[in-house]
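Here's the structure we're looking at; comments come further down.
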Amino acid sequence: MSHPIEVDYLRWIVLAPLLGAAVNGLAGAALQKRFGKHAVSAIALATVAISFALSVRAFAQLLGLAPEQRFLLDAMSKWIHIGSLKVDLAFWLDPLSSTMILVVTGIGGLIHLYSVGYMSDEPSYWRYFTYLNLFMAAMLTLVLGDSLLTMFVGWEGVGLCSYALIGFWHKEWANASAGSKAFITNRVGDFGFVLGMFALFWTLDRSGQGTLVFREVAQRLPLLDGQMVWGIAAPTFITLMLFVGACGKSAQIPLHVWLPDAMAGPTPVSALIHAATMVTAGVYMIARLNFLFDLAPDTLHVVAVIGTLTAFMAATIGVAQFDIKKVLAYSTVSQLGFMFIAMGVGAYSAGVFHLFTHAFFKACLFLGSGSVIHALHHEQDVRHMGGLKKHMPVTFWTFAFATLALAGVPPMAGFISKDEILFKAFSSPQGSPIIWFLGSLTAGFTAFYMFRQVFMVFFGEYRGGHHGHAGHADEHAPHAHGHVAAEPHESPALMTIPLVLLAAGSILAGMLNVPAALGGHHAFDNWLAPVIAGSHVPHAAAPATGEHGVTGAVEHEARVLEHDAETFAHDVETEPSEYVLMGFSVAVALGGILLAYLMYYRRSIDPEFFARAWGAVPYRLVYNKYYFDEIYEATVIRGTLVLSRALATFDRVVIDGLVNGAGWLVRQVSALDGAFDRVVVDGIVNLIGRVSLAIGNRARGLQTGHIYSYLYAIVIGVVVIMFVRLL
Amino acid sequence: MEIGLHHYLFVALVVFLSGIFTVLTRRNAIGVLMGVELVLNSANINYIAFARYGGTPYDGQVFAIFVIMLAAAEAAIGLAIVLGIYRTFQTIDVEATDSLRG
């Protein structure tokens, strides 16, 4: 990658939705009033369509290039040039980011389409589409940014849009507070991200080569050798801080608490932001900076451990939830944990591939649940559902296929990607059998609770209440309901077409990365190879960067990858371990499905048995999400409130006291000054006046008014003159 | 005895002092004016005496005629003022005219 190809259309991928957001944000209410809701959604859909079209064009352009040259750069404008910090607004396309933008714009476009149907009753329609477009712009900035700072702009932007969209129905306090919770928890993570950015720039700048642009950081990695930050090796510190940011954005323990609450937002939002795109930002960031993370094996250990813990804990919580969206939320947290497991064991492209397939089936699941919720008039408790298979067949079949994908049943996409991760967790030098075991257990739980949901929602008897309010008419109902006990019905085409497309993706996407063990060619891994070094042993620093530049490094990586592929194929032939592991994970998945079948379809095992087991302690623990929220409330939140009250008191007593004291002092000084003015200055003036009066009083005595005294004076005067001889 | 200059001067002095005394002590405004006349006349005596006993013979006499004329004019003015005073104060007692007392 000595010279990326300069293009100028990448910016429109970001700018189109931004313009859409601007138009809808400023004029949306007026447009909606005059031309109806379709004007607003037409604008939003058009901009996403433009972005998608440009993403496809970029992808095609990349395909036409040789693998080592698949890099496009769109330098839009100068941004920050201060000292040694040079960051421009530039967009960078390589196989990794082109995959991401296809996912974001493609699935984002489908969700926009779905939203037209789902949100058709919403009066604040324009506000929804404004935020949705704004989110697309921010997410695309995040993915396409060529530097950590540009990525961070998008990072913050998606956090903002997440807040706005979670709290979209803000008149309910619970929704607004869920939005705040998401934003604040993200912010805690962002603090780590910012520290990581600072540390990276600063340590590189110690040699005068500070930069935040990804390709330049990759070239300057050797500068980090031996550098320490606060007693920790520089790459470890930087990557650890960046990982904290990833935990916040991608809802890993301990910053995962916002994601289940985020289900308060509209379901398409949950599908887009909290399944397919925003929460994957952390995974993307690690993949983007894989060369940096390779220098910090300790951080990778932490990543893998946290990923495993999160995956396992979230899966256990999902088992006990009754809200259809909460189950999916915990499932998302759990699958994100899987992606981080992949990152942690060095299998970056496996993690990205799981991100890719997960986007399809999770979005499909969320949209399917949205379809159910919409049809049941915002009923979300699965205990009030059932038997929907015959009322909503399209929703059922798409949901079922997506669930199979999530559970990891072959030949679905989820099986391919999850299995890849589990295999790498077992076999990579960074992995360990414990991670593999917990991951497999998690997969089993996943299969169980997802099929529990399928059976409770779509099979059996309909347990819902009579929710057809008399006269409640569905505008988009294909047939009118006049009677009270309205039956749930299938959602309109605008909502079911995306479901079908996404389900198809869940089934077929796996074909992109079939492992050699099953006769495939790892196409996806090869596609990402110029960017990601595959899954080989992390080394201290990229060799040969000094002389040959990054081209040399990339060629070296490509050679290493080929070598890996050869040894890999060789290993497969000599060790049947992958087949064993594959078989094990399929068995685990099928076991989970069987258990769910017995418990919730056949009812031959009573769920209450598990709920009451061991004094109901495990059940209560998972039902209450391991009391994370309660612990945070008691410690962090209360601590912050106490601190804030203490500081407020300090402000009131000390600072206001100082200010008021200063005022008091001024008043006293001015009183003194006034006294001085009154006593001294006025006194002098008055004294002069009084003296004059006194003199005048005396002098008045001369004016007797009597003629004789004047004559006396004349005579005396003459005598004086004569005798003193003045004359 | 021979009547010399000094006799005339002495007479003039006595008249002068009487005139001054009159001016200073009379309560009646016209009396004051009379005193002024006395003073002027004493000056006249002086002039005539010096005209007879010394200097040029007739200069003094001419001056004396001037003085008499001036005295007459001044007496007229003075009486006019006394008239004014009488109109204002209804009396010609000079002690009554102390309105300008400070």
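Observations, loosely collected:
- Rounded to 10°, Cα long-axis angle of helix A:433-458 versus longest principal axis of chain A: 90 degrees
- Paramagnetic reach from A:Ala60 (point 7 Å along Cα→Cβ, amide N under 16 Å) across segment A:99-122: A:102
- Residue among A:Ile341, A:Ile238, A:Ala44 farthest towards the positive dipole end of chain A, charges placed on Cβ: A:Ala44
- P(r) histogram, all alpha-carbon pairs of segment A:627-723 included - 5 Å bins from 0, percent: 3, 9, 7, 7, 6, 6, 6, 5, 5, 5, 5, 4, 4, 4, 3, 3, 3, 3, 2, 2, 2, 2, 2, 1, 0, 0
- The shape of segment B:5-94 comes out oblate: with a ≥ b ≥ c from the C-alpha gyration tensor, a/c is at least 1.5 while a/b does not beat b/c.
- Length added when fully stretched, A:Ala493-A:Trp169, from 0.36 nm per residue minus Cα-Cα: 114.1 nm
- Per residue Cα convex hull volume in Å³ - calculated over chain A: 314 Å³
- Its relative contact order, with pairs defined as Cα atoms under 8 Å and 6+ residues apart, puts chain A at 12 percent.
- When the listed pairs A:Lys37/A:Lys249; A:Lys362/A:Lys424; A:Lys325/A:Lys424; A:Lys33/A:Lys171; A:Lys326/A:Lys418 are checked against a 26 Å cut-off, the alpha-carbon distance exceeds it for A:Lys37/A:Lys249; A:Lys325/A:Lys424.
- Rounded, prolate or oblate (a/c below 1.5 giving rounded, otherwise prolate when a/b exceeds b/c) for segment A:147-248 by Cα gyration tensor: prolate
- Furthest towards positive pole of dipole, B:Phe16, B:Ala29, B:Val67, structure part segment B:5-94, Cβ charges: B:Ala29
- Net +/- balance of residues flanking A:Ala447 in space, Cβ distance below 14 Å, scoring K and R +1, D and E -1: +1
- Share of pairwise Cα separations in segment A:72-155, more than 17 Å, in percent: 55 percent
- Helical mean residue ellipticity (222 nm; -39500 (n - 2.57) per DSSP H run of 4+; nearest 500) of the protein assembly as shown: -23000 deg cm²/dmol
- Longest site-free stretch - chain B; sites: trypsin sites (Lys or Arg not before Pro), DSSP loop, at most 15 other Cβ within 10 Å: B:28-100
- Summing Cβ point charges (Lys, Arg +1; Asp, Glu -1) relative to the Cα centre of chain A gives a dipole of roughly 3000 debye.
- The Cα center of segment A:300-375 and the Cα center of segment A:94-123 differ in position by 19 Å.
- Size of charge dipole - segment A:288-423 - debye, nearest 20, with Cβ of Lys, Arg +1 and Asp, Glu -1, no other charges: 400 debye
- Charged-residue dipole, Cβ positions (Lys, Arg, Asp, Glu), segment A:212-324 about Cα centre, Debye nearest 20: 200 debye
Each value in this text was obtained by applying a stated rule to the coordinates, not by laboratory testing. For clarity, every value in this text was computed on a predicted model and none was experimentally measured. Cβ atoms come from the backbone with ideal geometry, glycine included; neighbour counts cover every protein chain shown.
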